[in-house]
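Let me begin by presenting the structure, written as structure tokens, before commenting on it.
Bear in mind these aren't lab numbers, they're just calculated from the coordinates by the rules spelled out. The structure presented is a predicted model; accordingly, all values stated were derived computationally and were not measured.
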Amino acid sequence: MFPSHSPEQATIASELRSELAAYESGLRRLLELRWDPELYRELSERFDRIQMLAETLPRLTTTWTELLISRVDLMHALWTMRAPTRINGRVVAFHGRHKVAIHEARRKCALYVSTEASELSRLLAD
């Protein structure tokens, strides 16, 4: 568990978890649809919001870096496909790596939230 965090960080972590889940769902749709410019724009804007939230949580620094790199790799693989109507093994592999990074970020966010809940329970018990 992380040491005591502010209630604001727990709130941000909870919001970030939700944003990451929505981003992951949208990304899955983008890959299924093969290239929807409107959905891509929406996901890019969501990722910008995710970045702003993630930067306020110091324990996510390494995980955020991994998430960012895996996203760049995935987007590059998507943009450089010769046949954008078909997803190749390279895209699938980068998507898998990106999903792992998303799940790790969500797991660390959950620690912020559970730590805050534990602290609150302890304070109420005192």
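Odds and ends about this structure:
- Square roots of five times the Cα gyration tensor eigenvalues for segment 1-112, Å: 28, 14, 10
- Segment 33-98 shape via C-alpha gyration tensor axes, a/c threshold 1.5: oblate
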